[in-house]
Each structure stands twice: as C-alpha cells, then as structure tokens.
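Student: My questions will all concern the structure given below.
The values are calculated or read from the model by the stated rules, or taken from the named source; none is laboratory data. Nothing here was measured: the structure is a model prediction, and the numbers come from that model. Glycine also receives a Cβ, built like all others from the backbone with ideal geometry; neighbour counts cover every protein chain displayed.
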Amino acid sequence: MRALRAEVDLDAIRHNYRLAKQQKPGARAVATVKANAYGHGAVQVARALADEADAFGVACIEEAIELREAGIERPILLLEGFFAADELPLIDSLRLSTAIHCEEQLALFASYSFKQPVDVWLKMDSGMHRLGFFPERFVEVFALLQRHPGVATLGKMTHFARADELSCDYTRKQWHTFSETIASLPGPVSASNSPATLGWPMAHGDWLRPGLMLYGISPYAESHPLADQLKPAMCISSEVIAVRDLSVGEPVGYGGRFVTTAPTRVGVVAMGYGDGFPRQAVDGTPVLVNGVRTRLIGRVSMDMLTVDLTPVEGVAAGARVEFWGSDLKVAEVASYCDAIPYELVTKLTRRVPLFYKG
C-alpha cells in the first residue's frame, strides 16, 4: 500500500476551538468546516466538536446535508446563504441557519412559507466588496426581515478583507462602518474570522467565526502571541521509494530544472501534484526526512517528487518523509509554492487517506 497519508489530530482542533472562544468569554463561535473542514474531513471534525461547538459553518447546502446525514444536530450556518429557490425547503426541513447577502436571496426568502422559523444572518458589505448589502440599504432590509414570519433570530454579520494585516487600519474602518450602521438594530453580531478573533478584540461581537485557526494554522505572516499557541492539526507524510546517487552535472526530473552541483543522493518520494502537492513548488522547498530538514529538488510530478538526501545519514527506501506538520509549518511550505496555507490543505485529493487520533 502506498505510504502517503494525512494524520489529523482532533485534540488539536478542540484546543484551537477553545482558544478562539477564550478570546471573548461568553461569546459563541461558529466552527467553520467548509471545504471538507479545510481538507481535514468535515464529518470527523464536526463529530469531534459536536459536544462543544455552538454551531458549524459551511459554504453550501451540500456541505450541510453531509453533516446532517452524519448525525450532526448542532446548528449549521450557510455562510453564503442559498443559491436557488429549491434549497429553501431543505433549509426548512434540515433546520439550517442562513445568511442573506443580496436582493435575489431576499426576494426568494420573502416568497417562501416556512413550516418553522429559521435563524437568519443579514450580511453587510462594510468594505470587502464581495458579498452583502451596502450600509445605506442594510437597515431597510433588516426591517423587512424583522417582519417576516419565517425569521426566528435575525443577526448582523460582515467580513473583513485585511484582518490578517495587524498594522493596517482598514479593519478598523470596516468595523466603524458596520458598527455605526447597526447601532440601533437588535440581535446578535458576527464579524470576526480567524485573524480578527485573535487580533482585533474590538470586533469580536456575539459570535466568532474561526476557520483557518481551527486547524492550527496561523492567519498571520508574522509571529503572534496568540497564534503561536495554535496546535497544527494535520501532518502529511510519505516514504522514500527509491534512491539515486548522482554525480556532478546531472539533471533531475522533468525538464532538468535542477542540475546537481556536487555528488548528490536523491530520494524519490510517493507524493505528487495528483495528491495535491503544488507543482509550482520551487527547488529548495523544505521537507523532513527521518526528522532531518532537507529540500525538494526537481519538478513535482503527478505521483512522485524528488528530494535531496545528501544531508541525511543512512537513508534507504522506506525512510519517512514529512511535508508539513508540527515540525514543519504548512505556512512555510506554502511560501515556497506561490501559495497560501489554505490552498495546500484544501487541495489534497482523495488519494491522500485521512487517519485520525484524539
């Protein structure tokens, strides 16, 4: 059996969720498990948090259905709302919460007769300019939904564009726009994604929305005292499947991108872009072989990649290779791949089996 595997530490995810909630005692938190829990397995992550998560956040109704069919009973929020009228009966029957962010959704929602009221989060575009009602329209729409018999709790939400930039004033500007607009409106408030949860306490509101941080990945490029307490939840590893000893001047891999400048021991590893490892990874991308830091050399292939074994003593086929985890942060690897950590964890393919502990 191919040795490539992803090990997911569910205790680490619980720790990271609790760290999020510690930032504002008394606040509740939506555990964001969209995109298959950022590649970590939505059902298993939701089950691990089922006894303590206040709610789960997903991107679409298909992701919500998966959780309900797996027995998850906690509230589930459709972070982007619904995409078509035929989803409204499912929202009704599955007892889902939904965002409403545009006139089209508002019209569809207003025309549907719910069997039981559902929780609604009205979204404001406070400056990201992606989804949401502009501030000048927001109060009017809020009043319309207040009168709708299908609405149980009506909350206010927004999303920050630059909360990961702690020295940038744009988050403060967005929060001012949002908070000024909703000042006279009742109901809960939600604005804080992972970077805002850890770095912008003024914007915590009533509901936090931790996403990336749940999986132990810092939302910041630099060190941060709270983000440094996160525990990485995923470790990706495989094995060396072949060893080559090359002399000076020998090319390695497709296109001969890497050429040896000294006698080099090359390890071929069972991992490639068909598994989700970025093809754009450059020579020098760090990996760990038997716990020793070394580097990727040559282009990533569909099923294999090659690493420099020269710094590692006594390596043979079967040696363990770690691509990211507690000892090699995914953010560092991403920086060599013209990518962000979100991409690396969410682009893992089904060829990478997930194993759980905790």
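Student: Residues to consider are Val189, Val151, Val139, Val120; find the one that is farther than 22 Å from Val58 by Cβ and among the aliphatic types (A, V, I, L, M).
Tutor: Step by step, each of Val189, Val151, Val139, Val120 is checked, and only Val139 is farther than 22 Å from Val58 by Cβ and among the aliphatic types (A, V, I, L, M).
Student: Right, here's the next one. Are any of the residues in the range 257-265 touching a Gly at 6+ places or on another chain (Cβ under 9 Å) and of a type in the set (Ser, Thr, Tyr)?
Tutor: Scanning the range 257-265 turns up at least one residue that is touching a Gly at 6+ places or on another chain (Cβ under 9 Å) and of a type in the set (Ser, Thr, Tyr).
Student: Residue by residue through the range 302-351, note down the ones that are more than 14 Å from Pro278 (Cβ to Cβ), of a type in the set (A, V, I, L, M, F, W, C) and in a strand (DSSP E or B).
Tutor: Across the range 302-351, the qualifying residues are Val307, Val321.
Student: Val8 versus (1) out of contact with any strand residue (DSSP E or B) (no Cβ under 8 Å at 6 or more places or on another chain); (2) more than 30 Å from Pro149 (Cβ to Cβ); (3) not charged (D, E, K, R): which is the lone unmet condition?
Tutor: Failing condition for Val8: (1).
Student: Just give me the residues in the range 9-38 being within 14 Å of the chain's Cα centre (by Cα) and crowded, with 22+ Cβ neighbours inside 10 Å, in sequence order.
Tutor: Residues satisfying the conditions are Ile13, Asn16, Tyr17, Val30, Ala31, Thr32, Val33, Ala37, Tyr38.
Student: Within the range 277-298, how many residues are buried (at least 21 other Cβ atoms within 10 Å of the Cβ) and in a loop (DSSP other than H, G, I, E, B)?
Tutor: So the count comes out to 5.
One line per residue, one yes/no per condition, for (1) farther than 26 Å from Thr158 by Cβ; (2) aliphatic (A, V, I, L, M); (3) part of a helix (DSSP H, G or I); (4) not assigned by TED's automatic domain parsing to the domain that holds Leu208:
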{"site": "Ala37", "(1), (2), (3), (4)": "no, yes, yes, no"}
{"site": "Gln44", "(1), (2), (3), (4)": "yes, no, yes, no"}
{"site": "Arg47", "(1), (2), (3), (4)": "yes, no, yes, no"}
{"site": "Phe83", "(1), (2), (3), (4)": "no, no, no, no"}
{"site": "Ile91", "(1), (2), (3), (4)": "no, yes, yes, no"}
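Student: Out of the range 308-342, which residues are more than 30 Å from Ser194 (Cβ to Cβ) and surrounded by fewer than 18 Cβ atoms within 10 Å (Cβ to Cβ)?
Tutor: The answer is Pro311, Glu313, Gly314, Ala316, Ala317, Gly318, Arg320.
Student: Further question on the same structure: Restricting attention to the range 117-135, does a residue exist that is over 19 Å from Val30 (Cβ atoms), exposed (fewer than 15 other Cβ atoms within 10 Å of the Cβ) and charged (D, E, K, R)?
Tutor: no
Student: Report the residue count in the range 110-139 for those that are under 13 Å from Leu79 (Cα atoms) and outside any loop (DSSP other than H, G, I, E, B).
Tutor: Summing the residues that are under 13 Å from Leu79 (Cα atoms) and outside any loop (DSSP other than H, G, I, E, B) in the range 110-139 gives 6.
Student: Please determine whether any residue of the range 66-78 is surrounded by 23 or more Cβ atoms within 10 Å (Cβ to Cβ) and either within 20 Å of Leu230 (Cα to Cα) or small (Gly, Ala, Ser) (or both).
Tutor: Checked against the condition, which is being surrounded by 23 or more Cβ atoms within 10 Å (Cβ to Cβ) and either within 20 Å of Leu230 (Cα to Cα) or small (Gly, Ala, Ser) (or both), the range 66-78 yields no hits at all.
Student: Checking the condition at pLDDT 95 or above, hydroxyl-bearing (Ser, Thr, Tyr) and in contact with a Lys or Arg (Cβ under 6 Å, 6 or more places away or on another chain), which residue from Thr310, Thr346 passes?
Tutor: Thr310
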